[in-house]
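The values are calculated or read from the model by the stated rules, or taken from the named source; none is laboratory data. All values reported here derive from a predicted model rather than from experimental measurement. Glycine gets a Cβ as well: all are built from the backbone with ideal geometry, and neighbour counts include every protein chain shown.
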Amino acid sequence: MGVFKELEAAQTGGSVPLARVLDALPWNADGLLPAIAQQYDSGEVLMLAWMNRIALDETLTTGRVCYWSRSRGRLWRKGESSGQVQMLREARIDCDGDTLLLKVDQTGPACHTGRRACFYNRIDGDRVVVDRDVLIDPTELYRP
C-alpha cells in the first residue's frame, strides 16, 4: 500500500514518518509542487508558488518560507528583498500529495504589487475586475 493510501485509510491521529511521505511526493517533471500560502489566523489565501524538495526541507527546518522561483531559476526566500516574510505556522499536504498548503504568518503584503494577496482579479462575466484589495504604495514596503 502506498503512503497516501495508508494515510487515507488511517484513523484520526494515525501517522507515518515524515521522511516516507516526503520521499513519496509526486514532484512534477521539474521537481516542483504547487504550494498555497494561507494566512494562518484569518484563512485568507495569499498566493500560490512552487516548492522543490530543497525549499520544502528548508521551510520545515527553519520556519521561514522558501520557494523555488521559476522565473529566477533559484530558491526564493519570501521577503528576501522586500522584508515581507512568511513564517510557517503549519504545513499540510493534500490527500494525494500533489499540493502543499502552508499556513503562514505574513508580514505586510504577500503580492509583489503591494496588495495583501495575489488573488485580487475577479472574473465577472466577460470582464476581469480588480476587486476589494487596497493597493499599498510600493515605496512604503521598502522603508528601513
Give the range 7-29 a look and list any residue that's of a type in the set (A, V, I, L, M) and touching a helix residue (DSSP H, G or I) at 6+ places or on another chain (Cβ under 9 Å), or say none. Leu7, Val16, Leu18, Val21, Leu22, Ala24, Leu25
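Being in a loop (DSSP other than H, G, I, E, B) and either at pLDDT below 85 or not hydrophobic (A, V, I, L, M, F, W, C) (or both) is the filter here; which residues of the range 99-125 pass it?
Thr99, Thr107, Gly108, Pro109, His112, Thr113, Gly114, Arg115, Arg116, Tyr120, Gly125
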Search the range 64-83 for residues that are at negative phi and of a type in the set (S, T, N, Q) and pair each with any residue that is in a strand (DSSP E or B) and surrounded by 18 or more Cβ atoms within 10 Å (Cβ to Cβ) when their beta-carbon atoms are under 9 Å apart and the residues are at least 6 apart or on different chains. Ser69/Ala49; Ser69/Trp50; Ser69/Trp76
Quick test for you: out of Arg89, Arg72, pick the one residue that is at pLDDT 90 or above, assigned to a loop (DSSP other than H, G, I, E, B) and basic (Lys, Arg). Arg72
Here are some conditions: (1) among the hydrophobic types (A, V, I, L, M, F, W, C); (2) more than 11 Å from the chain's Cα centre (by Cα); (3) surrounded by 15 or more Cβ atoms within 10 Å (Cβ to Cβ); (4) in a strand (DSSP E or B). Val128 meets all but one. Which one does it not meet? (3)
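I'd like the full set of residues that are among the hydrophobic types (A, V, I, L, M, F, W, C) and either farther than 18 Å from Tyr67 by Cβ or modelled with pLDDT of 95 or more (or both), limited to the range 8-24.
Ala9, Ala10, Val16, Leu18, Ala19, Val21, Ala24
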Taking the stated definitions as given, is Asp96 at pLDDT below 95, farther than 25 Å from Arg116 by Cβ, touching a helix residue (DSSP H, G or I) at 6+ places or on another chain (Cβ under 7 Å) and of a type in the set (Asp, Glu)? yes
